[in-house]
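Student: Handing you a structure now.
The values are calculated or read from the model by the stated rules, or taken from the named source; none is laboratory data. Source: prediction; values computed, not measured. Ideal geometry is used to build each Cβ from the backbone, glycine not excepted, and the neighbour counts take in all protein chains shown.
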Amino acid sequence: MKIVSSFLPPRALQKSITEKFNEHEFCFFKGMEQIDDKLIGEMEIFITYAEDLSPEIINRASSLKWISAMAAGIDKMPIEAIESRGILVTNARGIHAVPMSEFALGLMLSHVKRLADLKDLQRESTWNKWLPVGELCGKTLLLLGTGAIPEEIARLADAFQMKVIGVNRSGRYDGESFSDVHPIGQLNQVLPEAHIIVSVLPSTPETRGLLTYDHFKQMRSDALFINLGRGDLITIETLKRVLEDKVVGHMALDVFPAEPLDADNPLWGYSNLTITPHISSITENYLPRAFAIFEHNLDVYSGRKEDDYMNKIDLGKGY
């Protein structure tokens, strides 16, 4: 069986997996452009970051039976072409919970403790002991989504004595970290309660352009809005208007409608926006966690283990 990866994992990971599954042929490449047509036609399993496939490649990959996406989002994959072939798709959902929850808490703490302002004072050699700073304790945190990542954010926020409420499609919730969970239809009712709003929603037909200017008008004027999910949650027109009108206190965005941001993009110039380059999930532990899921699924796929696939995607729903 030929297993092809369009990226190069660290050598230690390559060595570990090829030794564990030495009955299969692994081919690792630095980019899709390095994979020749013959190998594309022969590969049975494809490992990818889920951003380099096209309908044309799917058509050429006549032996392809399983795509292992080493990312959570699959919105850049040619879903229709994949679904028409009946190709199995799995992703790396769940590995992001620890790094992204830490990133979210870092942004929250940086905001209430005014670390950017303190750094500016240091650059100006100014000792200002009277700079007012706040606390997370007692604040209300609204999480858009209640999956693995929001669950971990909620667990950490509880340690700071925050009230955590959530919104999801149905309003149903079986966990213990949220004090209340509401259906998405009640979003306007809960937005005014929140001091901090964090979105980790995926990109689906239902979430694209979900947040409008009117939603931001429902938020507190001093609210912190954080988006770590997908940039198409907000249109660029809405984003610019919210920033121009200073509708909320501050925005911290790790994702944008179009990435990367060009050097002359006007978003860089807003003082009420913190920009991070889509890195909230990326740490040194990212690929080891992702390949642990892949190894489990390869055990199942190759008949070594009688178990269910981890993170099997429902292509009709997109997650």
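Student: Are there any pairs, at least 6 apart or on different chains, whose C-beta atoms fall under 6 Å, with the first in segment 201-219 and under 25 Å from K246 (Cβ atoms) and the second small (G, A, S), and if so, which?
Tutor: L201/G145; L201/G229
Student: If a residue must be among the aliphatic types (A, V, I, L, M) and surrounded by fewer than 16 Cβ atoms within 10 Å (Cβ to Cβ), how many such residues does segment 14-38 contain?
Tutor: Here is the first cut: in segment 14-38, the ones among the aliphatic types (A, V, I, L, M) are 17, 32, 35.
Then drop every residue that is not surrounded by fewer than 16 Cβ atoms within 10 Å (Cβ to Cβ), which leaves none.
Residues flagged as among the aliphatic types (A, V, I, L, M) and surrounded by fewer than 16 Cβ atoms within 10 Å (Cβ to Cβ) within segment 14-38 amount to 0.
Student: I need the full set of residues from segment 173-206 which are β-branched (V, I, T), touching a Phe, Trp or Tyr at 6+ places or on another chain (Cβ under 8 Å) and more than 18 Å from K163 (Cβ to Cβ), in order please.
Tutor: T204, the sole residue that qualifies.
Student: When segment 73-92 is examined, which residues are found to be over 10 Å from A290 (Cβ atoms) and touching a residue at least 60 places away in the same chain (Cβ under 8 Å)?
Tutor: First pass over segment 73-92, keeping only residues over 10 Å from A290 (Cβ atoms): 73-90.
Across segment 73-92, the qualifying residues are G73, I74, D75, I79, I82, E83, L88, V89, T90.
Condition check ((1) of a type outside the set (A, V, I, L, M); (2) farther than 22 Å from L224 by Cβ) across all residues:
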{"position": "S170", "(1), (2)": "yes, yes"}
{"position": "S179", "(1), (2)": "yes, no"}
{"position": "Q186", "(1), (2)": "yes, no"}
{"position": "V190", "(1), (2)": "no, no"}
{"position": "A194", "(1), (2)": "no, no"}
{"position": "I197", "(1), (2)": "no, no"}
{"position": "T204", "(1), (2)": "yes, yes"}
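Student: Hey, can you tell me all the residues within segment 169-209 that are buried (at least 18 other Cβ atoms within 10 Å of the Cβ) and either among the hydrophobic types (A, V, I, L, M, F, W, C) or not assigned by TED's automatic domain parsing to the domain that holds A258 (or both)?
Tutor: Of everything in segment 169-209, those that are buried (at least 18 other Cβ atoms within 10 Å of the Cβ) and either among the hydrophobic types (A, V, I, L, M, F, W, C) or not assigned by TED's automatic domain parsing to the domain that holds A258 (or both) turn out to be F178, V181, V190, L191, A194, I196, I197, V198, V200, L201.
Student: Do we find that S221 is of a type in the set (S, T, N, Q) and either closer than 24 Å to E51 by Cα or surrounded by 13 or more Cβ atoms within 10 Å (Cβ to Cβ) (or both) in this structure? It would help to see each step written out before you state the result.
Tutor: Details: of a type in the set (S, T, N, Q): yes; either closer than 24 Å to E51 by Cα or surrounded by 13 or more Cβ atoms within 10 Å (Cβ to Cβ) (or both): no.
Spelling it out, it is not the case that S221 is of a type in the set (S, T, N, Q) and either closer than 24 Å to E51 by Cα or surrounded by 13 or more Cβ atoms within 10 Å (Cβ to Cβ) (or both).
Student: Of the residues E83, E102, only one is surrounded by fewer than 17 Cβ atoms within 10 Å (Cβ to Cβ), within 24 Å of V181 (Cβ to Cβ) and at pLDDT 95 or above; which? Steps first, answer last, please.
Tutor: Details: E83 fails: within 24 Å of V181 (Cβ to Cβ).
Being surrounded by fewer than 17 Cβ atoms within 10 Å (Cβ to Cβ), within 24 Å of V181 (Cβ to Cβ) and at pLDDT 95 or above holds for just one of E83, E102, which is E102.
Student: Here's a follow-up. Residues that are within 25 Å of A72 (Cβ to Cβ): find the helices (runs of 4 or more DSSP H) completely inside segment 151-248 holding 3 or more of those. Spell out how you get there, then give the answer.
Tutor: Numbers: elements: 187-190, 213-218, 236-245.
Fully inside segment 151-248 and qualifying: 236-245.
Student: Still on this structure: Output the number of the condition that E56 fails; it satisfies all remaining conditions of (1) modelled with pLDDT of 95 or more; (2) buried (at least 22 other Cβ atoms within 10 Å of the Cβ).
Tutor: (2)
Student: Okay, next question. Please work out which residue is farthest from G229 (Cα to Cα), limiting yourself to segment 259-274 and to residues that are out of contact with any strand residue (DSSP E or B) (no Cβ under 6 Å at 6 or more places or on another chain) and surrounded by 15 or more Cβ atoms within 10 Å (Cβ to Cβ).
Tutor: Here is the first cut: in segment 259-274, the residues out of contact with any strand residue (DSSP E or B) (no Cβ under 6 Å at 6 or more places or on another chain) are 259-271.
With the extra rule that they be surrounded by 15 or more Cβ atoms within 10 Å (Cβ to Cβ), the set shrinks to 261, 267, 270.
Details: L261: 17, L267: 18, Y270: 21 Å.
That would be Y270.
Student: Kindly check whether there is at least one residue in segment 173-180 that is closer than 14 Å to S101 by Cα and among the aromatic types (F, W, Y).
Tutor: Keep residues of segment 173-180 that are closer than 14 Å to S101 by Cα, which gives 177.
Narrowing further to those that are among the aromatic types (F, W, Y): none.
There is no residue in segment 173-180 that is closer than 14 Å to S101 by Cα and among the aromatic types (F, W, Y).
Student: Now a separate question. Among (1) surrounded by fewer than 16 Cβ atoms within 10 Å (Cβ to Cβ); (2) more than 23 Å from A290 (Cα to Cα), which single condition is K65 missing?
Tutor: (2)
Student: If you take just the helices (runs of 4 or more DSSP H) that sit entirely in segment 24-90, which of them hold at least 2 residues that are under 23 Å from L201 (Cα atoms)?
Tutor: Counting at least 2 such residues, we get 79-85.
Student: Another question about this same structure. Mind checking which residues of segment 1-17 are part of a helix (DSSP H, G or I) and hydroxyl-bearing (S, T, Y)? Steps first, answer last, please.
Tutor: Quick first cut of segment 1-17, residues part of a helix (DSSP H, G or I) only: 11-17.
If the condition is that a residue be part of a helix (DSSP H, G or I) and hydroxyl-bearing (S, T, Y), then S16 is the only one that fits.
Student: Would you check if L228 is in contact with a Leu (Cβ under 7 Å, 6 or more places away or on another chain), buried (at least 18 other Cβ atoms within 10 Å of the Cβ) and of a type in the set (A, V, I, L, M, F, W, C)? Give the steps one after another, and end with the answer.
Tutor: Working: in contact with a Leu (Cβ under 7 Å, 6 or more places away or on another chain): no; buried (at least 18 other Cβ atoms within 10 Å of the Cβ): yes; of a type in the set (A, V, I, L, M, F, W, C): yes.
Answer is no for this residue.
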